[in-house]
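Have a look at the structure below before the remarks.
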Amino acid sequence: MTPSKSTCWFPWLRALAIVAVAAVASPVFGQAIQLKDGELLVGELLDATSEGLSFRRLDTGGVLELAWSDLSPLHATRIKRLQGLVIEDEADPTFEVDAIKFAPAGAAVEEVVGVIVEETPTHYRLRRKSGDLQIRRDTIKEKRRVAVPVTDVFTPQQWYERKLAELAPGDDADKHIALAEHMRLAQNWEKSEQHLLEAQKLGGGRQAAVLPQMIQRIRTQKESAAEVEHLSRIKVMRNRGEFEKALALIADFEKSYPQSRIQGDFELEKKRVDDAQQRDFVEKLVQNWDRTLRAVATDKVAEKGLSFATARTWAEEKMADEVFARLGKLLELEAKTARELWAKRNQIGKRGSDLYSYGIGSWLLGPERVVAGTKAEGANDPKTPGPGSTNDAELERTIRRLREAAERARRSAQNRGETEEEETDESWWTSAERDDKVGWLRAYFAEFGGQLELVLAVATPCLNCGGRGTIVSIGTTGDNQQRPCPLCHRTRFVRSIRAR
């Protein structure tokens, strides 16, 4: 018979029910296990620890000492759950309360959480775990509803009394089981066991088949209460992002409980802490990435006598080492670890792309690289559309700098003689402003430094020549002459990319 929606079948009970079916199929010993090779054994479970289990076979009467790895993963997990060796990673029970920020005269802003139990024209009375608090309305800066762990608001007895009044189990076995589950989640083992036993007296309701296992499970957790509490504190530190404290508690747990009955759960929590810390580091790497990139590039271009050829080779081969060394120092990580975590950034959490522009130094890439991967690649139309209007502040700043550079180029072209030699990459680098060199290195590293993924490339027609590559000037004889554009140097475009 399929249980109705009102049945209190919590997810972990389904696993117990499956094992209970195996028990019905084997009335003498009452249990069946499956080995990793698929063989099914029927018999009696004698003992289970974090290392493995002892099992007496029905057919031979022999006792097997098995490691958990000897069983199929599904059966190993089910039996661990049965024996209380793995506690589900269930969310702590929460309760919606009032969070109030207030600031009494002359005092700093303070935030408290609790349940408003009385309101007057001048005050709120807030019920908290530690007692009631009167708050003047005129001192309140903010009031909102939030969900917090019940342990932040209620003592175990207060929470029990609240749920008892809410469920009013009476002679309903299923309601007693529901109340027991609420108490288990709140780690009130005594009350949980009390109501499971009451449900058993009442016939067990819809969960009668699995009640013995549920009672055994809660007793195991009760016996391991100190370990469960320790594990809860690790989880709290993980959720708060206080990883140093979480790691210290993990080391404490390993020292205090070398043969813990909830070792499986502990190992899962260790992995969760490690994963959460990695995510935290990756987020911080992403947050500090561009700032660090700019700082490293700025320091490099400040070096006396730095040539363009040297700067370009450094961006390709050495810039990453300096970036990760600086990020590692900032986050108190080895540079190697910072590099490894950065490589995982898209696996751990998706991130947006950043804009990188070569600016007025785009021509240093050469005509083919300037348009590589853009809509302008292979096009003969010099008016190939650029990026169009944009709300991107960085791109707007780049376009403004290009306009300024174009104006300088026009003035310079008017003052140059016919025989003046065309600008070289080294002469441009020597005379370029610091910000132009920093922007160029930053973009070149993003595209060729091996640490970022190219998302989009855009070629914007040169603002000085309109994307033609040449400008018209009046020669010494008064004739109009086509001259290379002093801004794009015949490459026709300015290159920007988005990379992540």
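The values are calculated or read from the model by the stated rules, or taken from the named source; none is laboratory data. Quantities reported herein were computed from a predicted structural model and do not represent experimental measurements. When we count neighbours, we look across all protein chains shown, and the Cβ atoms used for this are built from the backbone with ideal geometry, even at glycine.
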Check region 172-195 and report whether any residue there is modelled with pLDDT under 85, of a type outside the set (D, E, K, R), out of contact with any Ser or Thr (no Cβ under 6 Å at 6 or more places or on another chain) and part of a helix (DSSP H, G or I).
yes
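Here is a yes/no grid of residues against (1) touching a residue at least 12 places away in the same chain (Cβ under 8 Å); (2) under 30 Å from Ala459 (Cβ atoms):
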position: Lys271; (1), (2): no, no
position: Gln278; (1), (2): yes, no
position: Ala295; (1), (2): yes, yes
position: Thr298; (1), (2): yes, yes
position: Ala315; (1), (2): yes, yes
position: Ala338; (1), (2): yes, no
position: Trp342; (1), (2): yes, yes
position: Tyr356; (1), (2): yes, yes
position: Gly359; (1), (2): yes, yes
Please enumerate the residues belonging to region 309-327 that are under 15 Å from Arg442 (Cβ atoms) and among the aromatic types (Phe, Trp, Tyr).
Trp314
Please list, ordered by first then second residue, the pairs with beta carbon atoms under 8 Å, 6 or more apart or interchain, first in region 186-212 and within 17 Å of Lys222 (Cα to Cα), second outside any helix (DSSP H, G or I) and not aromatic (Phe, Trp, Tyr).
Ala186/Pro93; His195/Pro169; Leu211/Gly204
Against the definition (modelled with pLDDT of 95 or more and touching a helix residue (DSSP H, G or I) at 6+ places or on another chain (Cβ under 8 Å)), how does Ile262 come out, yes or no?
no
In the set Leu364, Leu333, the lone residue that is touching an Asp or Glu at 6+ places or on another chain (Cβ under 7 Å), of a type in the set (A, V, I, L, M) and at pLDDT below 95 is Leu364
Could you tell me whether Lys329 is over 20 Å from the mean Cα position of the chain (by Cα), more than 30 Å from Thr430 (Cα to Cα) and either of a type in the set (D, E, K, R) or surrounded by fewer than 18 Cβ atoms within 10 Å (Cβ to Cβ) (or both)?
yes
Please determine, by comparing only the residues of region 197-246 that are buried (at least 17 other Cβ atoms within 10 Å of the Cβ) and not in a helix (DSSP H, G or I), which one is modelled with the lowest pLDDT.
Ser224
I'd like to know if region 312-324 contains one or more residues that are crowded, with 16+ Cβ neighbours inside 10 Å and among the charged types (D, E, K, R).
yes
